[in-house]
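The values are calculated or read from the model by the stated rules, or taken from the named source; none is laboratory data. What you see is a predicted model; the values in this text were computed from it and never measured. Note: ideal-geometry Cβ built from the backbone for every residue, glycine included; neighbour counts use all protein chains shown. Note: accessible area is taken over every heavy atom of the protein model, side chains too, but ligands, DNA and RNA are not part of it. Shrake-Rupley method; radii C 1.70, N 1.55, O 1.52, S 1.80 Å.
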Amino acid sequence: MALTSIDVCARALILIGASPITSFDDGTTEAIVADNLYQDTVRDLLSRHRWRFASSQIQMNRLVDAPEHKWDAAYQIPAECILVHGVYINGNPIEFDRYQDLIYCNAAETDEVFIDYMFQADESLWPPYFVMTVILQMASVFAYSVDQQEALADLFEKRALRQFTVARNLDSQSQTNRKLPVSRFLDVRRNTRM
């Protein structure tokens, strides 16, 4: 069974001892809070780290209208983009600026420009460590908003922060380790011997 936003909110409510919801349209206080804060909470957690499961890249299309100054080209940011990680030509990072929903950079018309970015992956694609992070963060939100228990909200906020650290560390292992280029250091060391 695929995980849904309702499942995540229901589990968070169970953690604080409240009744779980079955829909964002239940009309209960729990459903109203979940409907208003769930998406923002998830987007906030996604924007705090470069999650590998929620990263994507695409080739961008150059816009006809160029920026008025400083940059040569403008590109539309994908609508699903939460956070831009980098802009690349031929696999090499280039300088860019984000203006509203556009990327400005210096690129020739023949360049193929790619963007690496964060998006909100469907809950069914979340790894268990991120699911638990969201559940604990939502428990903190519910404890304060629904039960009005500040101490319980603080407890779950601390647990969510600890889980976030674990999740971030686990997620960082989802790619090949980057090697530190040491040849420059070895050259300096070899040339400074007496």
In the stretch 89-148, residue most open to solvent (accessible area, probe 1.4 Å) [restricted to those that are closer than 30 Å to K70 by Cβ and touching a helix residue (DSSP H, G or I) at 6+ places or on another chain (Cβ under 8 Å)]: F119
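Looking only at the stretch 41-77, which residues are assigned to a loop (DSSP other than H, G, I, E, B) and open to solvent by 40 Å² or more (accessible area, probe 1.4 Å)?
First, the residues of the stretch 41-77 that are assigned to a loop (DSSP other than H, G, I, E, B): 48-51, 60-61, 63-72, 77.
Scanning the stretch 41-77 gives R48, R50, N61, L63, V64, D65, A66, E68, H69, K70, D72.
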Contacts under 7 angstrom Cβ, first residue in the stretch 92-119 being farther than 12 Å from M60 by Cβ and touching a residue at least 60 places away in the same chain (Cβ under 8 Å), partner among the small types (G, A, S) and surrounded by fewer than 21 Cβ atoms within 10 Å (Cβ to Cβ), 6 or more apart: M118/S47; M118/S55; F119/S56
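Here is a check on your reading of the model: is D7 under 15 Å from L136 (Cβ atoms) and either in contact with a Leu (Cβ under 7 Å, 6 or more places away or on another chain) or not β-branched (V, I, T) (or both)?
Numbers: under 15 Å from L136 (Cβ atoms): yes; either in contact with a Leu (Cβ under 7 Å, 6 or more places away or on another chain) or not β-branched (V, I, T) (or both): yes.
Criteria met by D7.
Name the single residue that is nearest to the chain's Cα centre (by Cα) among those in the stretch 115-139 being β-branched (V, I, T) and more than 17 Å from D40 (Cβ to Cβ).
Initially, the stretch 115-139 is screened for residues β-branched (V, I, T), giving 115, 131, 133-135.
Filter again for more than 17 Å from D40 (Cβ to Cβ), leaving 115, 131.
Working: I115: 15, V131: 13 Å.
Here the answer is V131.
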Where T165 falls short, out of the listed (1) out of contact with any strand residue (DSSP E or B) (no Cβ under 7 Å at 6 or more places or on another chain); (2) open to solvent by 30 Å² or more (accessible area, probe 1.4 Å); (3) in a loop (DSSP other than H, G, I, E, B); (4) within 30 Å of P93 (Cα to Cα): (3)
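Within the stretch 69-114, restricting attention to residues that are of a type in the set (D, E) and within 18 Å of the chain's Cα centre (by Cα), which residue is nearest to V42 (Cα to Cα)?
Within the stretch 69-114, the first condition is being of a type in the set (D, E), and the residues that meet it are 72, 80, 95, 97, 101, 109, 111-112.
Filter once more, so that each one left must be within 18 Å of the chain's Cα centre (by Cα): 80, 101.
Values: E80: 14, D101: 20 Å.
Going through the qualifying residues, I end up with E80.
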Residues (surrounded by 17 or more Cβ atoms within 10 Å (Cβ to Cβ) and under 20 Å from the mean Cα position of the chain (by Cα)) located in the stretch 8-36: V8, C9, A34
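Answer with yes or no whether V146 is more than 16 Å from I58 (Cα to Cα) and either among the hydroxyl-bearing types (S, T, Y) or touching a residue at least 12 places away in the same chain (Cβ under 8 Å) (or both). Quick ask: steps written out before the conclusion?
Numbers: more than 16 Å from I58 (Cα to Cα): yes; either among the hydroxyl-bearing types (S, T, Y) or touching a residue at least 12 places away in the same chain (Cβ under 8 Å) (or both): yes.
It is true that V146 is more than 16 Å from I58 (Cα to Cα) and either among the hydroxyl-bearing types (S, T, Y) or touching a residue at least 12 places away in the same chain (Cβ under 8 Å) (or both).
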The stretch 14-33, subset farther than 17 Å from V134 by Cβ and among the acidic types (D, E), residue modelled with the lowest pLDDT: D26
